[in-house]
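The values are calculated or read from the model by the stated rules, or taken from the named source; none is laboratory data. What you are looking at is a predicted structure, and each value in this text was computed from that prediction instead of being measured. Glycine gets a Cβ as well: all are built from the backbone with ideal geometry, and neighbour counts include every protein chain shown. The area values use the complete protein model at the heavy-atom level, side chains included, leaving out ligands, DNA and RNA. Shrake-Rupley method; radii C 1.70, N 1.55, O 1.52, S 1.80 Å.
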Amino acid sequence: MDVNRVRSMLLHEFPYATTPGQEQLMGELAVFLTISWKRSNAIFLLKGYAGTGKTTVVKALVNVLPALGKRTVLMAPTGRAAKVMVGYTGKQAHTIHRKIYLAWTNKEGQIEMKLQKNLHRHTLFIVDEASMIQHAMPVEGQLFASRNLLDDLFAYVQSGENCRLLFIGDAAQLPPVGLDYSPALDPSFLKNGYDLEIDSFELTEVVRQSQESGILVNATRIREKIMKQEVKFPLFKLQSFPDIFRITGAELEEALNQAYSGSERENNVVVCRSNKRANIFNREIRRRILYLDGEITTGDYLMVVKNNYFWLPLESSAGFIANGDIVEITRIRKFEELYGFRFADITIRFIDYPDEQELDVKILLDTLTSESAALTQPDNNRLFQTVMEDFADLPSRRERVEKVKASPHFNALQVKFAYALTCHKTQGGQWDTVFIDQGYLTDKMLNVEYLRWLYTAVTRATKKMFLVNFQERFFG
């Protein structure tokens, strides 16, 4: 099928009047699907500002591909981001890890992530929120060997028959932790590191229906400053937008009460600058808004903060419990203190995987209110060594490590409350109502990286956004 025919098919599937940029993009995608596709090392980068219609373009693309004899696989870095893809395409979506990896145990007793076999043919793998993709996965502790996620994603896709990749993302969002850029959206990095032939396009025109949204109008203002590499006040324009509000501490409790009074508690989040600040919000929301007593309570929402391969059965569609998964406590069975740590046996429901069965797990209570992102490496090592002492009678280290690997205490889920989260933990997800806390902020901290943090936080909101305790100079 020729380029013009494919372009016409894409435009026919587009439900709105196209912007000039969207119309040009349809032509670029048509070239990729017909001409560039013939190159085995072809990849398409679709970048764009918030509100420029990336998701509508992708839905049109997904609908057209079957007529071209091609299939699609939708992927995202987190479960929450995969759920967003399901929402705008109506198709199944997977996390990257769950799609491409299989957990297994090597000869040293380490749990490794082995690449699954790619059995797909003539398939376009569409990866949303690609700015989040790590070039290297962090080491998961003494039992876990690290992987290079980007390397493995390319290896997996290219091992299939006539398969190609399309990355979607916004380069103005926060890059992966520890990096100052997003490798998966950097054409130079991809070309030099992987010898790829790259087709790319960036949508920059905010569509008409988005111009009525205070959230998207202000996201665009911040993004323009990021592109100019300047921090220039004011950053926000409130006017009479019905979806963006400036509030102080005195009004915060009432706004939180209104947000959390309904049944869909998982559709609200407070975005904070630090785990310390998130802990304060979580404590006060549980105590003063939700009236939840005790360290944890049935009905509490938790976020998993470290990948876990122990609790889900192999036949589970989810594969493993991933960093960023949000769960609800449906039952608490017991608490215990052992190995110098505190644990609870609970039953959980997966918020982002409604078809997944409830699951009995053990959680590590120490991470709930810690100021680190998860259990620190020294604490992880201490837990490892103290559990290992239980098996001191075994003659070989291999046998002792195998026992630790099978220990429910060492494999306890590391969790935090999910009412208030750091911006990195919310990345890839969307919530109906988002409260953004300015928190502690000095002039020295006001730089382009702060703007990227703020832009990422603003673009988590879909219906309402509250700016909490922001300084006067932020507003025009």
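The table below lists the values:
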| read-out | value |
| --- | --- |
| Sequence ranges 22-29, 198-205, ranked by mean other-Cβ count within 10 angstrom, highest first | 22-29, 198-205 |
| Accessible surface of the chain, 1.4 Å probe, proportion on carbon and sulfur as whole % | 48 |
| Using θ = phi - 60° and Karplus 6.51 cos²θ - 1.76 cosθ + 1.60, couplings along region 459-476 (whole Hz; Gly, Pro as x) | 7, 7, 8, 10, 10, 9, 9, 10, 9, 9, 6, 7, 5, 4, 5, 6, 10, x |
| Surface per residue (accessible, 1.4 Å probe) for region 393-476, Å² | 37 |
| Glu358 paired with Asp180, simple spin-label distance in nm, labels 7 Å along Cα-to-beta-carbon | 5.0 |
| The chain, dipole about Cα centre (Lys/Arg Cβ +1, Asp/Glu Cβ -1), debye to the nearest 20 | 620 |
| Cβ-Cβ FRET estimate between Arg121 and Ile198, R0 fixed at 30 Å, reported to 0.05 | 0.80 |
| For the chain, with +1 on Lys and Arg beta carbons and -1 on Asp and Glu, the positive-most of Leu61, Met303, His424 along the dipole | Leu61 |
| Per residue value of the accessible surface for region 1-89 (all protein chains in place, 1.4 Å probe), Å² | 40 |
| 5 angstrom amide H check on Asn162, placed H, neighbours 5+ away | His122 |
| Lys pairs under 26 Å by Cα in region 368-476, provided they are eight or more residues apart or on distinct chains | 7 |
| Sites Thr442 and Glu253, calculated FRET efficiency, Cβ-Cβ separation with R0 25 Å, nearest 0.05 | 0.40 |
| 5 angstrom amide H check on Thr422, placed H, neighbours 5+ away | Cys272 |
| FRET efficiency for Leu338 and Glu264, using Cβ-Cβ distance with R0 set to 30 Å, rounded to 0.05 | 0.25 |
| Highest to lowest packing among 422-428, 222-228, scored as the average C-beta count within 10 Å | 422-428, 222-228 |
| Phe435 long-range amide H proximity, modeled H, under 5 Å | Val269, Val270, Val271, Phe466 |
| Region 164-210 - accessible surface per residue (Å², probe 1.4 Å) | 42 |
| Rounded to whole Hz, the Karplus (6.51, -1.76, 1.60) HN-Hα couplings of region 8-23, x for glycine and proline | 5, 5, 5, 5, 5, 7, 7, x, 10, 5, 7, 7, x, x, 5, 5 |
| Neighbour cut-off at most 11 other Cβ (10 Å), DSSP loop, chymotrypsin sites (Phe, Trp or Tyr not before Pro), region 404-460 | Tyr440 |
| Pair Val231, Leu11: separation of 7 Å Cα→Cβ label points (nm) | 4.5 |
| Tensor-based shape of the chain (alpha-carbon gyration tensor, a/c under 1.5 rounded, otherwise prolate or oblate) | oblate |
| Loop-resident sites, region 1-82, for trypsin sites (Lys or Arg not before Pro), counting at most 13 other Cβ within 10 Å (DSSP) | Arg39 |
| Packing-based order for 397-403, 14-20, using average beta carbon neighbours within 10 Å, highest first | 397-403, 14-20 |
| Spatial separation of Cα centroids for region 18-72 and region 385-439, in angstrom | 38 |
| Set of region 366-394 residues, backbone N closer than 11 Å to the point 7 Å along the Cα-Cβ line of Lys403 | 387-394 |
